[in-house]
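Engineer: Just dropping this structure here.
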Amino acid sequence: MQQVDTSMSSEITQWWGTYEVELDSGGQWCIGPARLLVYRLAHEWRMVLEPGHDPGASGVAIELPAELPAQLDHLMAHAQVRCFGVSDDSTQLVLEPQLPDQPVVATPERKVEIPAQGELTVYVSSTLWLRVSVGRTPRKLLELPLQPMAETWFGRSTHEGELCYASRTPCRLHLDDLAVLPHRAITSVRVQNQSRLPLVISELKLPVPYLALYAASNGSLWTQDVVVEHEERELMPVQIRQSAPQHAEGATLVASARRQTLENLMMRAFGSLFSE
Amino acid sequence: MSQILAWLEALWSMDMVRAGLRAAAIMACGLLVTRMVNRQMSSWGMHVQHRMLLRRVATGAVLVLALALALAELGLQLGVLLGTAGIVTVAVGFAAQTSVSNLISGLFLMGEQPFRVGETITVGGTTGEVLSIDLLSVKLCTSDNLLVRIPNETVLKGNVINLTRLAIRRCDIKISVSYHEDLGRVRSVLLDVAEHEPACLKNPKPSFSFVEFGDARIAVQLSVWSRRENHGAVRNALAEGIKRAFETHGIELPGGPRPAAAAPASNPAAAPSTTAQQQA
């Protein structure tokens, strides 16, 4: 029986990977605030993902196998249990972290002004999604956020723009101000103001679907580094560093980008472009 | 057998039969050409409505041409036919003004595309999903499953409200509160309700606005933005949330029962008479 509880540890236990859930048994994964319950029946998988509301929850607890029958019956009366019918008897379960499927908009704690020809690095934290797959050839069954994600509109007007997720935590200027959590990934964004005017950042849009996810040796999760060049026009070039994130020591690739990275990714990245 | 062959030989010698066969062959070729053209159009990356219209025009043109050639083979003078057709066209034109207007309006609608098949629109008070944009009319299916046919001319002349073209939509909830309520407190309560509604967008931010001083109440408005497909659900959720929050905070809705919660009265001068009425 595998039981891991790292709620008091400074390092993050790797919760993603391949597990074996025997027939008529189950498992429980607590990833930060979220809880995943999985129960394996004959030709059926039953799953419940309860996204949590405590943004600061930092522990990882895995209970495999778990005493599920009584809990699952109780849960089925009150929660959104998903039932998946399968034709094979494979007991293999794969858990993978994924980045959100929409861009993430983060706001700094207070407006930040970058002088002309200056640059600044900010750090953005994004809620992760959990992808659950089963079978010898993994087939995706479930993909949900580990925390409820609020949506926001990012654009020049209410009819020109796109729907994004609003980051729960503000973007920070110092990496130490960002908590390292098992259900969130950190992105380093370097903003280069190549215009003649100061740039005031009131909100920042991160092209998360184009980013890959890496895990550092201490278990923290990072995306590729991003560089945004502000050039006094609405759409600005965004570079995604193809190498591993510089702050993630011993980084290994965990998940590829949802969308193919474009060579010349141009986008509107800031909510406020200029200041006098 | 020899009799049948002799009969066929006699038949073939008749010019009329040969002409008829040639005419039939021309018509068959015409049908084949239309089929080939239609198949070719299916691979074009065109909008479904445009492809349908082009298919009908192409099919009509090819068949008319084939018919003209077939009639020429049969010895009919096309000049006479065209002259007759001209007179008939003028007569039909006067009688079919409305249809022609609808037809031309339909072409303009397809070109301008103020709405597409599958979108929900409001035309002249009728709201429904667009089922088809045809040559003469637009077909809508209302939310209670009624089929409405609206002539294209009516659509082109009037205002069309497209409810599903844009990604987000604003939901306005008008609320009336008593004069003795503190508007600042009402504002805080309403914005808090919006803040806790998961389907409300963070940006554009929910807003509170004053509407008017009514006869016995003050009208205010809470506006929130959501995905357009969540508009109805957000409206219902906000209504429930507002009523619950008003009851919790002791904010009175004019016309409704007095709130049971013993919240501090906004206007201390009004409190004694309220209490006196309850005790009575």
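Engineer: Compute the acute angle (0 to 90°) between the alpha-carbon long axis of helix B:97-112 and the principal axis of greatest extent of the alpha-carbon atoms of chain B; round to the nearest 10°.
Structural biologist: The angle comes out near 70 degrees.
Engineer: Of B:Gly111, B:Phe94, B:Ile26, whose Cα points farthest to the positive end of the dipole of segment B:1-134 (charges on the beta-carbon: +1 Lys, Arg; -1 Asp, Glu; origin at the Cα centre)?
Structural biologist: Value: B:Ile26.
Engineer: Continuing with this model, one more query. Which whole-Hz ³J(HN,Hα) couplings does segment A:39-45 yield from phi under the Karplus relation 6.51 cos²θ - 1.76 cosθ + 1.60, θ = phi - 60°, glycine and proline marked x?
Structural biologist: Per residue, the Karplus-derived 3J(HN,Hα) values read 10, 9, 10, 5, 6, 7, 10 Hz.
Engineer: Here is a follow-up. If I model the protein assembly as shown as equal point scatterers sitting on the Cα atoms and use the Debye formula, what is log10 I(q)/I(0) at q = 0.06, 0.10 Å⁻¹?
Structural biologist: -0.54, -1.08
Engineer: Roughly how many Å² is the accessible area per residue of segment B:187-251, as a whole number, for a 1.4 Å probe? Could the numbers behind the result be given before it?
Structural biologist: Numbers: 3480 Å² over 65 residues.
Accessible surface, normalised per residue, equals 54 Å².
Engineer: In whole Hz, with x marking every Gly and Pro, tabulate ³J(HN,Hα) for segment B:168-175 from phi via Karplus 6.51 cos²θ - 1.76 cosθ + 1.60, θ = phi - 60°.
Structural biologist: Each residue of segment B:168-175 in turn: 10, 8, 8, 10, 10, 10, 8, 10 Hz.
Engineer: Same structure again: Report in % the part of the accessible area of the protein assembly as shown that belongs to carbon and sulfur, leaving out ligands and nucleic acids; probe 1.4 Å. Mind showing how you got there, number by number?
Structural biologist: Details: 16500 of 29970 Å².
Ligands and nucleic acids excluded, carbon and sulfur reach 55 percent.
Engineer: Would you tell me the mean number of C-beta atoms belonging to other protein chains that fall within 10 Å of each C-beta in B:200-207, as a whole number? Numbers along the way, then the final one.
Structural biologist: Working: counts 3, 8, 11, 14, 4, 1, 0, 0.
Mean number of neighbouring Cβ atoms from other chains: 5.
Engineer: 5 Å is the cut-off here: which amide hydrogens, built 1.01 Å from N in the peptide plane, fall below it relative to B:Trp225, excluding neighbours closer than 5 in sequence?
Structural biologist: Those lying under 5 Å, H to H, from B:Trp225 are B:Cys171, B:Leu201.
Engineer: Still on this model: Considering only DSSP beta bridges whose two residues both sit in segment A:141-253, what percent are antiparallel, to the nearest 5? Numbers along the way, then the final one.
Structural biologist: Numbers: 13 of 20 bridges.
The answer is about 65 percent antiparallel.
Engineer: Which entries in the list A:Lys111/B:Lys174; A:Lys111/B:Lys202; A:Lys111/A:Lys140; B:Lys157/B:Lys205 go over 29 Å, if you measure between the two C-alpha atoms of each? Write out the running numbers ahead of the final one.
Structural biologist: Details: A:Lys111/B:Lys174 34 Å; A:Lys111/B:Lys202 17 Å; A:Lys111/A:Lys140 41 Å; B:Lys157/B:Lys205 36 Å.
With Cα atoms farther than 29 Å apart: A:Lys111/B:Lys174; A:Lys111/A:Lys140; B:Lys157/B:Lys205.
Engineer: Another one. Dipole of the protein assembly as shown, Cα-centred, from +1 at each Lys and Arg C-beta and -1 at each Asp and Glu C-beta, to the nearest 20 debye? Please list the in-between numbers first.
Structural biologist: Numbers: 48 positive and 54 negative charges, 359 e Å.
For this selection, approximately 1720 debye.
Engineer: Enumerate the whole-percent occupancy of each 5 Å bin, from 0 to the last occupied one, for all C-alpha pair distances of segment A:182-259.
Structural biologist: Histogramming segment A:182-259 at 5 Å steps yields 3, 15, 25, 21, 14, 11, 7, 3, 0 percent.
Engineer: For A:Leu128, list long-range residues whose amide hydrogen, built 1.01 Å from N in the peptide plane, is under 5 Å from its own amide hydrogen.
Structural biologist: Amide H neighbours of A:Leu128, under 5 Å, 5+ apart: A:Leu146, A:Arg184, A:Ala185.
Engineer: Does any residue of segment A:135-158 lose at least 10 Å² of accessible area with all protein chains in place compared with its chain alone, and if so which ones (probe 1.4 Å)?
Structural biologist: By number: A:Ala150, A:Glu151, A:Thr152, A:Trp153, A:Thr158.
Engineer: Starting at the first residue of segment B:148-155, write each ³J(HN,Hα) from the Karplus equation 6.51 cos²θ - 1.76 cosθ + 1.60 with θ = phi - 60°, in whole Hz, x for Gly and Pro.
Structural biologist: 10, 10, 10, x, 4, 4, 4, 5
Engineer: Ok, one more. Find the accessible area per residue for segment B:1-133; the probe is 1.4 Å, ligands and nucleic acids are left out, and the unit is Å². Please report the intermediate quantities before stating the final value.
Structural biologist: Working: 8840 Å² over 133 residues.
Accessible area per residue: 66 Å².
Engineer: Counting helices only, and only those DSSP H runs with n ≥ 4, report the 222 nm mean residue ellipticity of chain B as the sum of -39,500 (n - 2.57) divided by its residues, in deg cm²/dmol to the nearest 500.
Structural biologist: Working: 9 runs with 147 residues, N = 280.
Computed mean residue ellipticity for chain B: -17500 deg cm²/dmol.
Engineer: Check which residues have an amide H placed less than 5 Å from B:Thr164's amide H, if you skip close sequence neighbours.
Structural biologist: Correct list: B:Thr120.
Engineer: While we're on this one: Chains B and A: how much accessible area gets covered up at their contact, both sides added, probe 1.4 Å, in Å² to the nearest hundred?
Structural biologist: Details: alone 17830 and 13050 Å², together 29970 Å².
Summing both chains' loss of accessible area gives about 900 Å².
Engineer: If you don't mind, there's one more thing I want to ask. Helix B:231-249 against the longest principal axis of chain B: what's the angle in degrees, Cα atoms only, rounded to the nearest 10?
Structural biologist: Computed tilt is about 10 degrees.
The values are calculated or read from the model by the stated rules, or taken from the named source; none is laboratory data. None of the values given here were measured: they were computed from a predicted structure. Methodologically, a virtual Cβ is constructed for each residue, glycine included, from the backbone with ideal geometry; neighbour enumeration extends over all protein chains shown. In case anyone asks, the SASA skips ligands and DNA or RNA and just uses the protein heavy atoms, side chains included. Shrake-Rupley method; radii C 1.70, N 1.55, O 1.52, S 1.80 Å.
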